[in-house]
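Taking it in order: structure first as C-alpha cells, then the write-up.
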Ligand SMILES: O=c1nc2n(C[C@H](O)[C@H](O)[C@H](O)CO)c3cc(O)ccc3cc-2c(=O)[nH]1
Ligand SMILES: C[C@H]1O[C@@H](n2cnc3c(N)ncnc32)[C@H](O)[C@@H]1O
Ligand code: SF4
C-alpha cells in the first residue's frame, strides 16, 4: 500500500515505529509543565557505548525512527560544544546502524542546524504557542520558548531544506484566539518553504513531577482544534495526535472513542510509537497491535511510516538517501 503525499482525504492512519534516545535530561530552561528536565549537572549524559547497546537490541524489532530528544545546555555555556557534539555523534551512530534519526533538542544555531541536516532525515521543534503572554507564566524561566526564536527555527529549517515536524501545546494558559494565530503562522511558513511534514496537536497532560499541575487539556477542546487546524493548514501537512494522551481512560478497544473522534475530526498520524514516552512518562504508549484493534473495525487502516515523507527524499544528502532507500524497499 502506498501512502500518498496528501493523506487528509484518505482512510490511512500512519505511525512511526520509534525509539527515543535522551542525550541528557539536564536543561537550563524551566518550563513549568515539564516532567522531563533535571537540574544542570545532576544528570549524566548518555554515552555512545550505552546508546550502541540500546540500539543493537532494536535491530531485529522493526524500529525505524530514532528520536533524539534532549534537555538543553545554554547556547553561551562552555559546555554547549560538547553537548552538541554528543547529539551529533548519537545521530551518526544511529545512522551507521541503519536507523533513521529525527532530532528535537530545542533551538539550534544556524551552524548547528546545518550540521545536523547531514545526519537527520527530518528534525522537529514544537512552536508551543505564539503568544508572548506565556513568557510571563509557564515560560517565565524558559528563554528557549521565546516565540520569535522558535519561529526563526522553522524559517531556518525551510532555508536549509530540512523536512520538519512542528506542533502546538494546548492547555498551558493560552486563549482560543492564540490557537488560530499559531496555526496560521505555521501555514504561512510552510507556504514559503513547503518543508512542514506534520503538525503535532499536543494536549497538555498533567504529570507527576511538574510544577505547573493544571488540568489536562480536554478531548472536546482538542476535537475543536483538530477540525479548525484541518481548515487552516495546507492539505499536504498531516495532523498528528499522540494516542497515549487522548486515550488515557479507555483501556478496552470498544471504549476507545476519543481516538476515533480525533481521526474523524481530521488527524491522520499517531506519531512515534515507542516503548516509553519520555516527555509524558505517566502515559505509556499503546502497542501498535492494540491501536490496530481500535481503529481498523471503524474502517481505518493503520500503516507504519518512515520519519521522512517520500516527497522529501530528494532533499536529503546522499548518505541519508541510501539508508532511506533500504527502508522504502522493505516499506509496507
Ligand atoms: O513519543 C513522543 N514523540 C514525540 N515526538 C516524535 C513524533 O511523535 C514523531 O516521531 C515525529 O513526528 C517524527 O516522525 C516529537 C517530535 C517532535 O519533532 C516534536 C515533539 C515531539 C513530541 C513527542 C512526544 O511528546 N512523545
Ligand atoms: C517535546 C515537547 O513535549 C511537549 N510537552 C512538554 N511537557 C508536556 C506535558 N506535560 N504534556 C504534554 N506535552 C508536553 C512540549 O510541546 C515539548 O516541546
Ligand atoms: S520542555 Fe524542553 S525546554 Fe522546557 S524544561 Fe523541559 S526539556 Fe527543557
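Any read-out appearing in this document is the output of simple, stated calculations on the displayed coordinates, not a laboratory observation. What you are looking at is a predicted structure, and each value in this text was computed from that prediction instead of being measured. All Cβ positions, glycine included, derive from the backbone under ideal geometry; neighbour counts span all protein chains shown.
Put in line by how crowded their Cβ is, counting other Cβ atoms within 10 Å and starting with the fewest, 123, 113 read 113, 123.
Fewest-first ordering of 319, 268 by other beta carbons within 10 Å of each residue's beta carbon gives 319, 268. Highest mobility in the GNM of the chain, judged by mean-square fluctuation with C-alpha springs under 10 Å and restricted to 285, 213, 102, is found for 213.
Where the centre of each part is set by its Cα atoms, how far does the stretch 189-238 sit from the stretch 30-67, in angstrom? With the stretch 189-238 and the stretch 30-67 each reduced to a Cα centre, they are spaced 24 Å. In the stretch 175-216, whose amide N lies under 18 Å from the spot 7 Å out along Cα-to-Cβ of residue 276? List them in ranges. Under 18 Å, as judged by backbone N against the label point of residue 276, lie 207-210 of the stretch 175-216. Taking the chain as a Gaussian network, where each spring joins two C-alpha atoms under 10 Å apart, which residue of 91, 31, 140 fluctuates the most? Ranking 91, 31, 140 by mean-square fluctuation puts 140 first.
Site pair residue 38 and residue 175 shows an inter-label distance of 4.1 nm when each label is modelled 7 Å from Cα along Cα→Cβ.
Given a Förster distance of 56 angstrom, what is the FRET efficiency for residue 264 paired with residue 82, based on the Cβ-Cβ distance and rounded to 0.05?
Working from the Cβ atoms, E equals 0.75.
In plain terms, the residue of 238, 301, 208, 103 with the fewest other Cβ atoms within 10 Å comes first and the most crowded comes last, giving 208, 301, 238, 103. Annotation: extensible slack from residue 326 through residue 311 equals 3.8 nm (criterion: 0.36 nm per residue apart, minus Cα-Cα distance).
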